[in-house]
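Worksheet: the structure to be examined is printed underneath.
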Amino acid sequence: MSEVGVTGTRVVPGETATKSDSLAPASRLSRLGNLEVWWRILAVLLFFGVWQIFALINQRIRLVNPLFMVPPLELRHTLVRQWNDGILLDDLRTSMTTAFEGYVVGCSIGVVMGIMSGYLLLVQRLWDPIVQIFRSIPPLAFLPMFILYLGIGDLTRVVFIAYAVYFYTYMNAMQGVRHIDPVLIRAAQSLGAKRLRIFRSIILPGAMPSIMTGLRISAGMALFVLVAAELIAAEAGIGYRIMWARQYFEVDTMLFDAFLIGVLGFIIDVVMRLIESWILRWKPQVVET
Amino acid sequence: MAALDCQAVCLDYVMAGRQLRALQDVTVTVGKREFVSLLGPSGCGKSTLLNVVAGFLKPTGGRVLVEGNEVTEPGSDRGIIFQDHALFPWMTARQNIAFGLDVAGVPKAEREKKVDELIELVGLHGFDRLFPSQLSGGMRQRVAVSRALATSPSILLMDEPFSAIDEQTRQGLREEFLRIWQKTAQTVLLVTHSIEESVIMSDRVVVMGTKPGRVICTVDIDLPRPRDETSAQFMHLRRHIGDLLYKHKRDSHTR
């Protein structure tokens, strides 16, 4: 480029194209051209194909009780049935609302406290040890206590999800603030910026990659603990549906709802990554974690 | 009044329970529009002195005056160009350059005009909407130069600004920077470990030595600009400074 050159060389804007394009954030769609993707699709098809064939054979030879061995293609009937009964949308609405509320509450508190803990030494000294203790305990261990205190209702599940999600957002926000390059803060100081301005223009955007990672992991985690909570304490929702189906030996429903959660998790992850790569568009590439 | 006046600056720090002296009675004066280099081996405290002048470190003795005012904290009267550019990665080149003006509360129209001038000055035209990660090393350093110049500082402090850049680019950038320096009549204090760089660029070279970090002597570079690196005087000065550093190193070993 230009600086090979002589003093005062003008740079032709057209020259930027190649340079900037090669460093631009890699498009997600371009991965479809990747051979690895086709291997993945093949693996999935193979797995379900073998399962389907085995289940069909099993219906004849009864190696295991056919009630327990549902052919995957059968699940399309489950989809239609749940859709017609209105169960599908009801369950989705119930579960997603709970997960979303818990997620928002937990992330908000987690991000704010994480930033404070990374920024203010006093907060870190007083609060971080407590977080470290509770972080090492699986949140599910506290679910019975949550139920005892708050009963079996929406509130319990929302609080429980918020609690579980808190740790990921807190930890990532705190690390993000603490690992900001001190040279950037010095640079801002030398340009006249004071505390508040440095916080707004350097600390917050500098911690953003880490905060976004926390928010993305938390989204998956919210779904994860939601189902756990619904299995134990709920009157509706996807997790509840799975428990309910167990009593009626509806293995297809149990399987269908399990996969439904998988699909939801996948969609949420894709959406979160899109948001992340848009917010962090200044980065050459979003780091996978 | 000098642009920069370091008066008997001392800096001690404690490491592993032992008190160490990083700077001992360092006195350096830089006149207005003067280009002065701090030259020395690693450990001579040249970067430490720059950090004291920048206001990042408080001297344990002596004081630093910039245009007569004692330095107590970092401020926009001292523009800094860091070794690894230290651009804000989430801001475009343009936003980086505008940052200091924005902090100072300069109105938008005026700010944009000034930024446009700087972009023109350093030859960043067409690159100003890109993020640092999309720019080459040389381009990033140009943005860093414009950013430091934006607030019209009394003195520009440069901490080995060309050391993290490949050789070909470095030569071009040095020439380019000299052109900008002459055009803006900017006072400059450059930290470098390259004898050649100090002789090419500065009016005066402050040679520093180690254990403790201190000034050995000052060498005036009285050569016409642009400087011819193959001229006899140039080579003489380079050898002279090289000898000074070598003698210092030999003496400090035998001591």
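The values are calculated or read from the model by the stated rules, or taken from the named source; none is laboratory data. In this text, all values refer to a predicted model and were calculated from it rather than measured experimentally. Reconstructed Cβ throughout: ideal geometry from the backbone, glycine too, with neighbour counts over all protein chains shown.
Below are the figures for this structure:
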read-out	value
Extreme residue, surrounded by the fewest Cβ atoms within 10 Å (Cβ to Cβ), among residues of region B:171-197 that are of a type outside the set (D, E) and within 9 Å of chain A (Cβ to nearest Cβ)	B:R179
Some residue of region B:157-168 being under 17 Å from B:F82 (Cα atoms), surrounded by fewer than 24 Cβ atoms within 10 Å (Cβ to Cβ) and modelled with pLDDT of 90 or more	yes
Residue satisfying all of: in region B:66-82; surrounded by fewer than 17 Cβ atoms within 10 Å (Cβ to Cβ) and touching a residue at least 12 places away in the same chain (Cβ under 8 Å); nearest to A:G192 (Cα to Cα) among these	B:E73
Residue within region B:153-163 that is outside any helix (DSSP H, G or I), under 24 Å from B:L101 (Cα atoms) and among the hydroxyl-bearing types (S, T, Y) present	yes
Residue match in region B:74-90 (condition: under 20 Å from the mean Cα position of the chain (by Cα), over 19 Å from B:R204 (Cα atoms), more than 11 Å from chain A (Cβ to nearest Cβ) and of a type in the set (S, T, Y))	no
Those residues of region B:120-148 which are of a type outside the set (A, V, I, L, M), facing chain A (nearest Cβ under 9 Å) and in a loop (DSSP other than H, G, I, E, B), in sequence order	B:G123, B:H125, B:G126, B:F127, B:F131, B:S136
Meets criteria (under 18 Å from the mean Cα position of the chain (by Cα), farther than 26 Å from A:P284 by Cα and within 13 Å of another protein chain (Cβ to nearest Cβ)) for B:L50	yes
Inter-residue pairs, beta-carbon under 7 Å, first over 25 Å from A:I161 (Cβ atoms) and in contact (Cβ under 8 Å) with a residue 40 or more places away in the chain and in region A:236-254, second crowded, with 21+ Cβ neighbours inside 10 Å and polar (S, T, N, Q), 6+ apart	A:D252/A:T78
Residues of region B:142-179 classified as under 20 Å from B:L39 (Cβ atoms) and of a type in the set (S, T, N, Q), total	2
Any hit, region A:193-207, residues being outside any helix (DSSP H, G or I) and within 14 Å of another protein chain (Cβ to nearest Cβ)	yes
A:Q59 over 23 Å from A:E230 (Cβ atoms) and part of a helix (DSSP H, G or I)	yes
Residue within region B:207-220 that is in a helix (DSSP H, G or I), of a type in the set (K, R) and touching a residue at least 24 places away in the same chain (Cβ under 8 Å) present	no
Residues of region A:148-191 that turn out to be crowded, with 16+ Cβ neighbours inside 10 Å, in contact (Cβ under 8 Å) with a residue 12 or more places away in the chain and within 14 Å of chain B (Cβ to nearest Cβ), as a count	5
Condition met for A:L231 (at pLDDT 90 or above and either crowded, with 18+ Cβ neighbours inside 10 Å or assigned by TED's automatic domain parsing to the domain that holds A:I152 (or both))	no
Out of A:F68, A:F142, sole residue that is more than 20 Å from the chain's Cα centre (by Cα) and either modelled with pLDDT under 90 or not assigned by TED's automatic domain parsing to the domain that holds A:E235 (or both)	A:F68
